[in-house]
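J.: Have a look at this one.
The values are calculated or read from the model by the stated rules, or taken from the named source; none is laboratory data. Since we're looking at a predicted model, the values are computed, not measured. With ideal geometry, Cβ positions are generated from the backbone for all residues, glycine too; neighbour counts draw on all protein chains shown. Keep in mind that these areas ignore ligands, DNA and RNA; they rest on the heavy atoms of the full protein, side chains included. Shrake-Rupley method; radii C 1.70, N 1.55, O 1.52, S 1.80 Å.
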2 protein chains.
Amino acid sequence: MKKKEHLISMTVENKFGVLARVAGLFSARGFNIDSLSVAETEDTGVSHMNITVKGDEKILEQIIKQLNKLIDIIKVQDLTSYDCLERELILVRLSAVNRANIMKIVEIFGSQVVDVGQKSVVIELIGDSHKIEMTLKLLRPFGIKEIIRTGKVGIRKEGEK
Amino acid sequence: MKKKEHLISMTVENKFGVLARVAGLFSARGFNIDSLSVAETEDTGVSHMNITVKGDEKILEQIIKQLNKLIDIIKVQDLTSYDCLERELILVRLSAVNRANIMKIVEIFGSQVVDVGQKSVVIELIGDSHKIEMTLKLLRPFGIKEIIRTGKVGIRKEGEK
C-alpha cells in the first residue's frame with residue numbers, strides 16, 4: 001500500500017536546536033522526511049517549518065502530540081487534514097538541445113525560462129504537487145541536468161480557519 | 001557592520017542524520033541560519049540542501065572545507081561567490097479590509113492572489129530577495145496575519161559552470 005504524504009506546518013521558537021530535535025523525532029520513529037524547510041517569520045524570534053513525511057497515520061498523530069508538548073514549539077498542524085493551499089518552487093536545468101520543445105511545455109504550464117545558455121536552459125516551476133509532477137513528467141525525456149526544490153509549503157484556506 | 005548573507009548549496013546523501021550534522025556544524029560556530037531547505041532530487045538516494053547564513057567569511061570558508069570532507073556530503077558551494085539565480089516563494093495572508101489597495105500592489109509586482117476570503121486574502125510572491133523585500137515592504141502596512149516562506153534556493157548561471 002502506498003503511504004499517504006502528510007504536510008506538517010509548525011510555528012517554532014527561532015532557536016537552532018529545535019530543528020535537530022524535530023527532525024530527530026520523526027526519523028527515530030521511522031518516518032522518511034521527503035522535504036523540510038524552515039525560515040523566519042515577521043517576528044524574528046519565531047520561525048516557521050514545513051515538513052513532508054510519509055508513514056503510519058497513528059504514529060504521526062502521536063508525533064504531533066509529542067511535538068505540541070515541546071516548549072519551543074508554538075503550534076503544529078497536519079495541513080493534510082484541512083482544505084489548504086500547497087505550493088512548491090523548483091528550478092530545473094535541462095539540456096538546451098531540445099529548446100523548442102521545452103519552450104512549448106513551459107508555455108502550456110505557464111512556467112518561466114529564467115536562464116538560457118548555449119548548453120542548458122533553466123526553468124522555474126511553481127505549483128501544487130499535481131502541476132509540478134505533470135510538468136516534470138513531460139520535461140524528463142529532455143534530460144534533467146540539475147533540480148533544486150524548495151520542498152512543499154502550505155497555508156490553510158480561510159473557510160477552514 | 002552588517003554581515004553579508006551567504007547562500008550555500010549542497011548535494012548530500014539522502015540520510016537523515018546528515019541534516020542534523022550540517023545544521024550542528026553551522027550553529028556550533030555561531031552562525032545564524034536564516035533559512036534551510038532540503039528536498040529530494042531526481043536520484044532518490046541524493047538530496048539537495050540550501051542554507052542561508054550570516055557570519056564571518058573566513059569561518060564560513062572553514063565550515064565549507066569541513067563539510068566537503070564529510071562522507072555523506074557530495075558537493076558544497078557558496079553560491080554567493082558566483083553569478084547565480086536566487087528564488088524564494090512566499091505565501092502571505094493579509095487582512096481583506098484593504099483588498100483594493102492590496103490588489104494594486106499584487107498587480108504591479110506580477111504576484112498572484114491565491115485565496116480570497118471574507119476576512120483575509122492570501123498572496124503568492126515569487127522572486128529574488130530584492131523583489132520579495134520590496135513587495136513585503138509595501139504589503140506590511142495592510143497587516144500581515146501569516147507568512148510562510150520556503151527559504152531561498154539558488155542555481156548557478158551557465159556562463160559560470
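J.: Return yes when A:K65 is farther than 19 Å from A:V38 by Cβ and open to solvent by 40 Å² or more (accessible area, probe 1.4 Å) and no when it is not.
T.: Answer is yes for this residue.
J.: Let me ask you something else. Is it fair to say A:G117 is touching a strand residue (DSSP E or B) at 6+ places or on another chain (Cβ under 8 Å), open to solvent by less than 40 Å² (accessible area, probe 1.4 Å) and either under 23 Å from B:E124 (Cβ atoms) or within 11 Å of chain B (Cβ to nearest Cβ) (or both)?
T.: No.
J.: Looking at (1) open to solvent by less than 30 Å² (accessible area, probe 1.4 Å); (2) touching a Lys or Arg at 6+ places or on another chain (Cβ under 6 Å); (3) among the hydrophobic types (A, V, I, L, M, F, W, C); (4) within 24 Å of A:D34 (Cβ to Cβ), which is the one condition that is false for A:C84?
T.: Among (1) open to solvent by less than 30 Å² (accessible area, probe 1.4 Å); (2) touching a Lys or Arg at 6+ places or on another chain (Cβ under 6 Å); (3) among the hydrophobic types (A, V, I, L, M, F, W, C); (4) within 24 Å of A:D34 (Cβ to Cβ), A:C84 violates only (1).
J.: Report yes if some residue within segment B:149-161 is within 28 Å of A:I144 (Cα to Cα), without any contact (Cβ under 8 Å) to a residue 60 or more places away in the chain and surrounded by 14 or more Cβ atoms within 10 Å (Cβ to Cβ); otherwise report no.
T.: yes
J.: I'm trying to understand the selection: among the residues of segment A:125-136, which are outside any helix (DSSP H, G or I) and either more than 14 Å from every other protein chain (Cβ to nearest Cβ) or surrounded by fewer than 20 Cβ atoms within 10 Å (Cβ to Cβ) (or both)?
T.: The answer is A:G127, A:D128.
J.: Can you tell me which residue in segment B:37-62 is farthest from B:E158 (Cα to Cα), limited to those that are open to solvent by 20 Å² or more (accessible area, probe 1.4 Å) and in contact with a Lys or Arg (Cβ under 6 Å, 6 or more places away or on another chain)?
T.: My answer is B:I59.
J.: What are the residues in segment A:23-72 that are of a type in the set (A, V, I, L, M) and within 8 Å of chain B (Cβ to nearest Cβ), if any?
T.: Matches in segment A:23-72: A:A23, A:I33, A:L36, A:V38, A:A39.
J.: Is it true that A:K15 is within 30 Å of B:I144 (Cα to Cα), loosely packed, with under 14 Cβ neighbours inside 10 Å and at pLDDT below 85?
T.: So A:K15 passes the test.
J.: Still on this model: If you scan segment B:137-148, which residues turn out to be more than 7 Å from chain A (Cβ to nearest Cβ) and in contact with a helix residue (DSSP H, G or I) (Cβ under 9 Å, 6 or more places away or on another chain)?
T.: Listed by number, the residues that qualify are B:L138, B:L139, B:P141, B:F142, B:G143.
J.: If you don't mind, another one. Which of the residues belonging to segment A:137-148 are in contact (Cβ under 8 Å) with a residue 24 or more places away in the chain and open to solvent by 70 Å² or more (accessible area, probe 1.4 Å)?
T.: Across segment A:137-148, the qualifying residues are A:L138, A:K145.
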